[in-house]
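Data first, discussion second: the structure below is written as structure tokens.
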Amino acid sequence: MAGGSFAPTGVAKERAQQYQGRLTPYVIVTCIIAAVGGSLFGYDIGISGGVTSMDGFLKKFFKTVYKNKTHARENNYCKYDNQGLAAFTSSLYLAGLVASFVASPVTRNYGRRGSIICGGVSFLVGATLNASAENLAMLLLGRIMLGVGIGFGNQAIPLYLSELAPTHLRGALNMMFQLATTLGIFTANMINYGTQKLEPWGWRLSLGLALVPAAAMTVGGIFLPETPNSLIERGCKEEGRKVLERIRGTKNVSAEFQDMMDASEFANAIKHPFRNILERRNRPQLVMAIFMPTFQILTGINSILFYAPVLFQSMGFGGNAALYSSALTGAVLVTSTLISIAAVDKLGRRVLLITGGIQMIVCQVVVAVVLGFKFGDNQELSKGFSVLVVAVICLFVIAFGYSWGPLGWTVPSEIFPLETRSAGQSITVSVNLLFTFIIAQSFLSLLCALKFGIFLFFAGWITIMSVFVYLFLPETKGIPIEEMILMWRKHWFWKRIMPEEYPEADDSVNVRPNNSTI
């Protein structure tokens, strides 16, 4: 009965304490291979900003921008304001948005591995086109193919990691995706630092080296096992149990297997996941799938990561100093993600999101104040203030790296019941890419129009999202992925939205906004 309003969603009993198993080397290796896909997303974020500041690239494709860059008298905030240049960066994310909806049925009907492999192949094609581009059309076509790869990869990989990981370590293992993303950003920044000296063709090497992680994702996807959840959902129950026993390192997996069976039984009754996800009982998950990725982008992090070299050059840094500063922010992002991996399953999601938000607000305000008083048209920051700006931006990146960076993906990937999980992840990915596209396309214009106020703009959004987490996001730490539906019934706000159809759920615990545990 597709979309029926009286059938129970997912599992109805809490069996978490009966789960057996441990973190096996098999799980670690497969999660690392799967998470390599995140490096593609990160590599592109890091590579785009560096390439768009290289003279050889600008001379070939964006001559107007090159002339503005070298002009002696210009507004510091507006020298790179060009919609064509912005389209080079943003076209990838628009393509990824569309591809994420195609990836949803592929992920559900053919498994998580299928989407991972499709993403890898698309990235191989896109990287080849970009590296060999002779005109703008060829360059943008390559970006579109890269976008298709991101749409498939970001759809499948977080789901794969969440489903494969043991409950008590799901947050840390899921963040392997974000860690790979940050490593991709750092690697791209370091490559740009080297290739910008290889004028006029260094940009080709920067774009072409995306073939390396793309090949790793494609080949790795071929050898990865399918998740037990996906196998059971597609009717391969015995194979699903064998994989579950293998990844948990024990034969005693009956409780977890039964949760998967219950979830699968209901999932197979849902023929239209996107229609079903709009129903009232799925309202909390839908809200999180929309707002978590939206808020992640509105932190302003992508503005810094996309355009770090451009941003630093606009502030008066030399070409080498700008690329060096952006490489530094990439290294900081990797380090902070490691902090999050160590802390997320101990401190919980809410604590990291709220403390990270507060730190980011302070950093954005400080940068805005420094630029507002010390930086204007035809001016350069003094050495002391330049160091201060880089230091504060690094503190901002640290806060993002242990909070909204990884958790913007982790939370949505772990909260959906099996029947709407692929649809929910598609919504998460598409919303993320939609706002990534909007920010990428508009940032240079916003920087020109708002000047230092751009940082206050993002600080305002971070304030809103921190309050949102405090009020509406329950703690998901330690809750089995197939029992997540029971969590919403205990939350002070969402229990008012959820229909009265789960008599088995224990409503004795009401989670208030100031609680960080269920």
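A few comments on the model shown:
- Across region 420-430, computed HN-Hα scalar couplings (Karplus, 6.51 cos²θ - 1.76 cosθ + 1.60, θ = phi - 60°) run 10, 5, 5, 5, x, 5, 4, 5, 4, 5, 5 Hz from first to last residue, x flagging Gly and Pro.
- Long pairs among 63/197; 242/346; 67/374; 197/374, criterion Cα-Cα beyond 21 Å: 242/346; 67/374; 197/374
- When the GluC sites (Glu not before Pro) in region 233-292 are filtered for DSSP coil states and for at most 14 other beta-carbon atoms within 10 Å of their beta-carbon, no site remains.
- In a DSSP loop and with at most 12 other Cβ atoms within 10 Å, the trypsin sites (Lys or Arg not before Pro) in region 207-251 are 251.
- Calculated from backbone phi, Karplus (6.51, -1.76, 1.60) coupling profile of region 163-173 in Hz, x at Gly/Pro: 6, 7, 6, x, 3, 6, 10, 4, x, 5, 6
- For region 125-202, applying the loop criterion from DSSP together with a ceiling of 12 other beta carbons within 10 Å to the trypsin sites (Lys or Arg not before Pro) yields 197.
- Long-range HN-HN contacts of residue 491 with modeled amide H, under 5 Å: 511
- Surface accessible to a 1.4 Å probe, residue 60 within the full protein complex, Å²: 80 Å²
- Two-site label geometry, residue 355 and residue 382: point separation in nm, points 7 Å out along Cα→Cβ: 3.5 nm
- Take each peptide in 35-43, 47-55, count the other Cβ atoms within 10 Å of every residue, and average; sorted highest first, the result is 35-43, 47-55.
- R0 of 35 Å, Cβ-Cβ distance residue 237-residue 287: FRET efficiency to nearest 0.05: 0.60
- Were the residues from residue 369 through residue 205 laid out at 0.36 nm apart, the gain over their Cα-Cα distance would be 55.2 nm.
- Label sites at residue 110 and residue 464, each approximated as a point 7 angstrom past Cα along Cα to Cβ, lie 3.8 nm apart.
- Neighbourhood net charge (14 Å Cβ-Cβ; Lys/Arg +1, Asp/Glu -1) for residue 468: +2
- Relative contact order (%) - criterion: Cα under 8 Å, at least six apart; region: region 96-229: 37 percent
- Largest first, the residues 44, 345 sort by 1.4 Å accessible area into 345, 44.
- Using a simple spin-label model with pseudo-atoms 7 Å out from Cα toward Cβ, residue 28 and residue 493 lie 4.0 nm apart.
- A cut-off under 14 angstrom between Cβ atoms defines the neighbours of residue 224, and their net charge, with Lys, Arg +1 and Asp, Glu -1, is +1.
The values are calculated or read from the model by the stated rules, or taken from the named source; none is laboratory data. Nothing here was measured: the structure is a model prediction, and the numbers come from that model. Here the Cβ is made from the backbone with ideal geometry for all residues, glycine too, and neighbour counts use every protein chain on show. SASA here: full protein model, heavy atoms, side chains in, ligands and nucleic acids out. Shrake-Rupley method; radii C 1.70, N 1.55, O 1.52, S 1.80 Å.
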